[in-house]
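The block underneath contains the structure these notes are about, expressed in structure tokens.
The values are calculated or read from the model by the stated rules, or taken from the named source; none is laboratory data. No experiment lies behind these values; they were computed from the predicted model shown. All Cβ positions, glycine included, derive from the backbone under ideal geometry; neighbour counts span all protein chains shown. For the accessible areas, the whole protein counts, side chains as well, though only heavy atoms, and no ligand, DNA or RNA atoms are used. Shrake-Rupley method; radii C 1.70, N 1.55, O 1.52, S 1.80 Å.
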Amino acid sequence: MSKESEAKSMYNTLCATLDNIKWHYSKEEDKLVVRTSAVGEDLSMKLYIKVDADRSVMYLKSGMPYTVPQDKIDELCKAVIIANWAMLNGSFEMDVNDGYIAFKLIVPFMESIVSEKVCRYMINLSCDMVDRFNDKFQKLADSRMTLDEFKEFTAQAFK
């Protein structure tokens, strides 16, 4: 099976998963992109999911609904490292130029079939991580939390 065929199959599985759980989303079939959102405890999360035929991966990115002020970039970079160290799968990333923070999860699919369960896992994990960390990153950026408090939260979050 060609990379393009694998990617299209993966995209179809993703869309079928969303249809089966009655999730609202928009499709850009020519780009193998899905855009959707979820509502967490305290925010609405935008999810961008792309199937990349060239790299044989599906990736999901969910950005925080705020940016980090320039004077807090260094401290938030440390927080992103602390959060990532504690996580088993997925990671946060931060653009130091504009303060954008997002959660990213990548699933490879080369010469394999990725199930609907894996697609649901991607969405659920991303929603959980964004919901779990968004307010902590924001509190740190707004000086309502210290880096030590963030470390303590992270240590407790994965017990």
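A straight chain from residue 151 to residue 106 at 0.36 nm per residue would run longer than the Cα-Cα distance by 13.7 nm.
Using a cut-off of 32 Å between Cα atoms, the listed pairs 3/139; 3/72; 46/159; 31/159; 61/151; 31/78 include 3/139; 3/72; 31/159; 31/78 as exceeding that distance. How would the stretch 91-142 be classified by its alpha-carbon gyration tensor: rounded, prolate or oblate, with rounded meaning a/c under 1.5 and the a/b versus b/c comparison settling the rest? Oblate, since a/c reaches 1.5 and b/c is not below a/b.
Given R₀ = 30 Å, what would the calculated FRET efficiency be for residue 117 paired with residue 42, taking r from the Cβ atoms and rounding to 0.05? That pair, residue 117 with residue 42, gives E of 0.60. Out of [x] 192; [y] 257; [z] 119, which label holds the value of volume of the Cα convex hull per residue in Å³ that was computed here? Calculated volume of the Cα convex hull per residue in Å³: the matching label is [z].
Of the accessible area of the stretch 1-65, computed with a 1.4 Å probe over protein heavy atoms only, carbon and sulfur atoms account for 47 percent.
Only the Cβ atoms of Lys and Arg (+1) and of Asp and Glu (-1) were treated as charged; on that basis the dipole of the chain about its Cα centre amounts to roughly 320 debye. Accessible area per residue for the stretch 23-77, computed on protein heavy atoms with a 1.4 Å probe, is 56 Å². Please compute the contact order of the chain in relative form: average sequence separation of alpha-carbon pairs under 8 Å and at least six residues apart, divided by the residue count, as a percent. Here the relative contact order equals 23 percent.
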